[in-house]
Amino acid sequence: RRGWIEVVCGSMFSGKTEELIRRLNRAKIARQHVEIFKPGLDTRYHAQDVVSHNANSIRSTPIQLPEEMLLLASSCDVVGVDEAQFFDASLVEVCTQLANHGKRVIVAGLDMDYLGQPFGPMPVLMAVAEYVTKVHAVCVCCGEIASYSFRIAASESKILLGETDSYEARCRGCFLEGQKGK
Ligand code: ADP
Ligand code: MG
């Protein structure tokens with residue numbers, strides 16, 4: 001039996017981690033063997049756990065390279081990956097292999113960076129996945145549905161780990177307004 005790939009994407013604060021944790025907890029209830037991975041560089045709340053903004057959490061394994069999952073996930077049924085945008089393109093190959101070998105692979109990550117550009121391996125993952133769910137935050141300026149992560153902090157590096165002090169969820173209109181003011 002083959003597996004499949006599910007992608008959960010959206011802006012910051014859109015509930016990607018919450019949705020990932022929800023799906024993995026349900027898999028556990030179904031007595032599936034679950035493993036969760038995240039990039040080693042994401043240590044914002046906890047070195048080991050995947051933690052959502054409303055403080056749900058699940059035990060995870062930080063890894064440097066997607067290839068590490070091939071060995072570490074070899075005996076499980078369901079593989080979860082959070083903050084997938086921080087991995088390189090090899091994540092696509094690894095997720096494909098895991099799915100080909102019968103695993104359900106659930107990948108959560110930012111679909112766009114703070115400039116509104118597709119982020120890392122996410123667009124290709126969305127193309128090869130059987131299921132893609134785009135979740136939305138609430139625009140902090142106007143209350144509409146938000147798809148963009150607007151950077152308040154001044155840094156121009158693509159990766160700036162941060163929280164409500166450095167990013168806010170914005171709709172298209174308020175994101176464009178903010179970009180104009182920069
Ligand atoms: P993500 O992994 O997509 O960054 P999380 O699952 O960690 O999101 O957090 C989602 C939670 O963030 C929501 O349930 C809510 O409590 C909180 N939150 C904070 N700011 C916002 C916002 N602007 N829109 C929606 N949820 C927000
Ligand atoms: Mg998250």
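For the reader, a short list of remarks on this structure follows.
- Selected residue (criterion: nearest to ligand 1 (Cβ to nearest atom)) from residues of the stretch 99-123 that are part of a helix (DSSP H, G or I) and farther than 26 Å from residue 171 by Cβ: 99
- Residue 23 falls short on exactly one of the conditions (1) more than 11 Å from ligand 2 (Cβ to nearest atom); (2) crowded, with 22+ Cβ neighbours inside 10 Å; (3) assigned to a helix (DSSP H, G or I); (4) in contact (Cβ under 8 Å) with a residue 60 or more places away in the chain, and that condition is (2).
- Among the candidates 59, 44, the residue that is at pLDDT below 95 and away from ligand 2 (no atom under 15 Å from the Cβ) is uniquely 59.
- Qualifying positions in the stretch 98-136 - within 9 Å of residue 4 (Cα to Cα), among the aliphatic types (A, V, I, L, M) and in contact with a Phe, Trp or Tyr (Cβ under 6 Å, 6 or more places away or on another chain): 99
One line per residue, one yes/no per condition, for (1) within 16 Å of ligand 1 (Cβ to nearest atom); (2) touching a residue at least 60 places away in the same chain (Cβ under 8 Å); (3) touching a strand residue (DSSP E or B) at 6+ places or on another chain (Cβ under 7 Å):
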residue	(1), (2), (3)
4	no, yes, yes
8	yes, yes, yes
12	yes, yes, yes
17	yes, yes, yes
34	no, no, yes
51	yes, no, yes
64	no, no, no
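- When the stretch 121-148 is filtered for residues that are surrounded by fewer than 21 Cβ atoms within 10 Å (Cβ to Cβ) and not hydrophobic (A, V, I, L, M, F, W, C), the ones remaining, listed by number, are 123, 130, 131, 133, 134, 136, 143, 144.
- Residue that is nearest to residue 12 (Cα to Cα) [pool: residues in the stretch 147-167 that are modelled with pLDDT of 95 or more and not in a loop (DSSP other than H, G, I, E, B)]: 149
- Selected residue (criterion: nearest to ligand 2 (Cβ to nearest atom)) from residues of the stretch 128-146 that are of a type in the set (Gly, Ala, Ser) and within 11 Å of residue 13 (Cβ to Cβ): 137
- Residue within the stretch 66-79 that is at pLDDT 95 or above, within 16 Å of residue 16 (Cα to Cα) and assigned to a strand (DSSP E or B) present: yes
- Subset of the stretch 49-91 that is aliphatic (A, V, I, L, M) and touching a Gly at 6+ places or on another chain (Cβ under 7 Å) - its residue that is nearest to residue 8 (Cα to Cα): 84
- Qualifying residue in the stretch 89-99 (condition: on the phi > 0 side of the Ramachandran plot, at pLDDT 95 or above and either over 13 Å from the mean Cα position of the chain (by Cα) or among the basic types (Lys, Arg) (or both)): no
The values are calculated or read from the model by the stated rules, or taken from the named source; none is laboratory data. All figures in this text were calculated on a predicted structure; none of them were measured in a lab. Cβ atoms come from the backbone with ideal geometry, glycine included; neighbour counts cover every protein chain shown.
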